[in-house]
Amino acid sequence: MIHASDTVQRRWPSPLGALDLAATPRGLAGLWFHDQRHRPPQLDAPGTWPRQTGAHAVLDAAEAALAAYFAGRLADFGLPLDLPGATDFQRAVWRALVAIPHGTTASYGALAAAVGRPAAVRAVGAAVGRNPVSIVVPCHRVVGSAGLLTGYAGGLERKAALLALERGAARAPAARPPGTAAAASSSAGAAS
């Protein structure tokens, strides 16, 4: 994906692991777990996206919204987005993701139907997987046709934790980062 030349970044310590946020003055340009797939190389390459340590309206608003979300006090982020490299199809899929109500899930097939392309389930899956603003554009709310947890670039343990948080079954401070025994056992139960 193409990003604007005035993109900056900041790392935020979520209850599920560090999140890398990227933004321009116009909106949030990305939000990735530090170890997730499809993370842009600009986050780690020297001299690309500078680390923003001071005030930045978009990054500050995103951090406040994420804190409220993980505390169970926010269902709709409402943050401005700046995603200049997205295709029209990706934008349509990401708008459909935002329309999935907090605390619920939808299948890839339902999402394909929602964007008017019911036969394009695999293409929809690819667009969901390339969503650059994880959590804010809730790709974790998409499940397989039988309701089972399927792919999530941030890991299935995190997907299960985000869904549990939204359903009120877990509070973020009690959530553990993926890879811990508690996270592994709770996600195994959620996926079966």
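Summary of computed values
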| item | result |
| --- | --- |
| Pick from the range 113-122, criterion of a type in the set (Gly, Ala, Ser) and open to solvent by 40 Å² or more (accessible area, probe 1.4 Å), ranking: nearest to the chain's Cα centre (by Cα) | ALA114 |
| Of all residues in the range 145-158 being touching a residue at least 24 places away in the same chain (Cβ under 8 Å) and under 13 Å from the mean Cα position of the chain (by Cα), the one that is surrounded by the fewest Cβ atoms within 10 Å (Cβ to Cβ) | GLY151 |
| Candidates THR24, THR53 - the one that is at pLDDT 90 or above and β-branched (Val, Ile, Thr) | THR24 |
| In the range 141-192, the residues that are assigned to a loop (DSSP other than H, G, I, E, B), modelled with pLDDT of 50 or more and not aliphatic (A, V, I, L, M) | GLY144, SER145, GLY147, THR150, GLY151, TYR152, GLY154, GLY155, GLY168 |
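The values are calculated or read from the model by the stated rules, or taken from the named source; none is laboratory data. None of these values were measured; they are calculated from a predicted model. Every residue, glycine as well, gets a Cβ built from its backbone with ideal geometry; the counts of neighbours run over all protein chains shown. Areas reflect the complete protein model, heavy atoms only, side chains present, ligands, DNA and RNA absent. Shrake-Rupley method; radii C 1.70, N 1.55, O 1.52, S 1.80 Å.
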